[in-house]
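All remarks here apply to the structure that follows.
The values are calculated or read from the model by the stated rules, or taken from the named source; none is laboratory data. Since we're looking at a predicted model, the values are computed, not measured. Neighbour counts are summed over all protein chains in view; Cβ atoms, including those assigned to glycine, are modelled from backbone coordinates with ideal geometry.
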Amino acid sequence: MQGLPANELVALDLDNPNSFLNISGTFDAFIHVAGMSIGNATDLMMSTGLGTQYLMSRANELALPRFIHISSMAVYGLGTEELISERSPIPHGNAYHAARWAAECYVKSERGQVEAISIRSPAIAGASTHNHFLSKVFEKMIDQVPLINATNPDFDFNNIVHENEIADFVITLLAKETLPTYRAVPIGSTEPIPLREIIDLMAKATNYKGEINWVEPKSPPFRIDSSGAIELGYKPITTLETMSRWMHDAKL
C-alpha cells in the first residue's frame, strides 16, 4: 500500500493516541509543522507536545525513514544570551515555551530507528505569515493604526526567515543519504540589521502614515546563530533580502 495522496486529510484526535493508526501506508518521511501558540497549558501540551509524541510513535510503527520537525525559537523562552545557538540554555518562560521543548524531547526520545531533526524556526516571513511581532506590526500598518509601539530600535536583528528558505532546508535534509544523531538547530537570516531599519522598510511598503512609538522592552533582545543548521546544509539569506521578499510577497 502506498502512502496517502497529497490531498487526502486524515482526522486525528489528540485525546486518543489510537487515532494515529488512521495514518497508514508507506512514506519516505513525515514533515511535522503543527503546533498551537495560544491556549491553556493543558491544550498546548496536548496539541504541541503529546501530538508530536503520538506522531513520532506512529512513525516508528510504520518504520519511517525520516522525520523533520519544525520547532520554534520559543523553546529558549525569553532567552538568556545575546547570540543564541544550538547549545544555548533552555529556560522556560511559559506553558507555550515548555510545550515546544516537550515536543523536541519526544522526537528525540521516541525516534527509535527513525532519523530525526528539529528546526527551531524564528518569525516566518511570507505571503501567509502571521502571529509574530513583525507580522502584527505589519497588519497594523496596513490598517493605518495611528500609533504603533515597537522596541529595541538600534538592535541588530536577524530573527526572521523566509518561508522558502525553510522549505529549501527541509528539501536538503530529505535529500541527504543519512542524517546525524538527533539535533535541534536554530535558523535565522544573515547580516543582521537594526530593527528601526526593518520597521522603516515595512512602513514604506505599506505607505504607513502613523507614528512609531519606541518603548522599553520587557525582555532583552537576541540574535540567532545558524551555524549548526548551516553544517546540515541550511543556506540562509540576508535579513534585508528576507524582508524584501516578504514585502514583495504581500503584493500591496
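Can you tell me which residues in region 193-217 are of a type in the set (Lys, Arg) and free of Cβ contacts under 8 Å to residues at least 60 places away in the same chain? Don't jump to the end; show me each part of the working.
The initial filter retains those residues of region 193-217 that are of a type in the set (Lys, Arg), namely 196, 204, 209.
Scanning region 193-217 gives 196, 204.
Mind listing whichever residues of region 49-71 are polar (S, T, N, Q) and either in contact with a Phe, Trp or Tyr (Cβ under 8 Å, 6 or more places away or on another chain) or over 13 Å from residue 107 (Cβ atoms) (or both)?
Going through region 49-71, the residues polar (S, T, N, Q) turn out to be 52-53, 57, 60, 71.
52, 53, 57 - these are the residues of region 49-71 that are polar (S, T, N, Q) and either in contact with a Phe, Trp or Tyr (Cβ under 8 Å, 6 or more places away or on another chain) or over 13 Å from residue 107 (Cβ atoms) (or both).
Here's a check for you: in region 15-38, which residue that is among the small types (Gly, Ala, Ser) and either more than 24 Å from residue 174 (Cα to Cα) or free of Cβ contacts under 8 Å to residues at least 40 places away in the same chain (or both) is surrounded by the fewest Cβ atoms within 10 Å (Cβ to Cβ)? First the steps, then the outcome.
Applying the first criterion (among the small types (Gly, Ala, Ser)) to region 15-38 yields 19, 24-25, 29, 34-35, 37.
After this cut, where a residue has to be either more than 24 Å from residue 174 (Cα to Cα) or free of Cβ contacts under 8 Å to residues at least 40 places away in the same chain (or both) as well, the list is 19, 24-25, 34, 37.
Working: 19: 15, 24: 14, 25: 10, 34: 13, 37: 14.
Per the criteria, the residue is 25.
Conditions tested, residue by residue: (1) in contact with a Lys or Arg (Cβ under 7 Å, 6 or more places away or on another chain); (2) loosely packed, with under 15 Cβ neighbours inside 10 Å; (3) more than 30 Å from residue 61 (Cβ to Cβ); (4) among the basic types (Lys, Arg).
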| site | (1), (2), (3), (4) |
| --- | --- |
| 103 | no, no, no, no |
| 120 | no, no, no, yes |
| 138 | no, no, yes, no |
| 147 | no, yes, yes, no |
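Restricting the search to region 232-252, which residues are in a helix (DSSP H, G or I) and either among the polar types (S, T, N, Q) or touching a residue at least 40 places away in the same chain (Cβ under 8 Å) (or both)?
Taking region 232-252 first, the residues in a helix (DSSP H, G or I) are 239-250.
Residues satisfying the conditions are 239, 240, 241, 242, 243, 244, 245, 246, 247, 249, 250.
If you take the residues of region 180-199 that are of a type in the set (A, V, I, L, M, F, W, C) and within 18 Å of residue 103 (Cβ to Cβ), which of them is surrounded by the most Cβ atoms within 10 Å (Cβ to Cβ)? Spell out how you get there, then give the answer.
Step one: filter region 180-199 for residues of a type in the set (A, V, I, L, M, F, W, C), giving 184-185, 187, 193, 195, 198-199.
Remaining after also requiring within 18 Å of residue 103 (Cβ to Cβ): 184-185, 187.
Details: 184: 21, 185: 21, 187: 24.
Residue satisfying both the conditions and the ranking: 187.
Could you list, in sequence order, all residues of region 67-86 that are modelled with pLDDT of 95 or more and more than 17 Å from the chain's Cα centre (by Cα)?
Hit for region 67-86 is 83, nothing else.
For (1) within 20 Å of the chain's Cα centre (by Cα); (2) hydrophobic (A, V, I, L, M, F, W, C); (3) on the phi > 0 side of the Ramachandran plot; (4) outside any loop (DSSP other than H, G, I, E, B), each residue gets a yes or a no:
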{"site": "166", "(1), (2), (3), (4)": "yes, yes, no, yes"}
{"site": "172", "(1), (2), (3), (4)": "yes, no, no, yes"}
{"site": "202", "(1), (2), (3), (4)": "no, yes, no, yes"}
{"site": "208", "(1), (2), (3), (4)": "no, no, no, no"}
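Regarding region 203-215, can at least one residue be identified that is more than 22 Å from residue 77 (Cα to Cα), surrounded by fewer than 18 Cβ atoms within 10 Å (Cβ to Cβ) and among the polar types (S, T, N, Q)?
Yes, region 203-215 contains a residue that is more than 22 Å from residue 77 (Cα to Cα), surrounded by fewer than 18 Cβ atoms within 10 Å (Cβ to Cβ) and among the polar types (S, T, N, Q).
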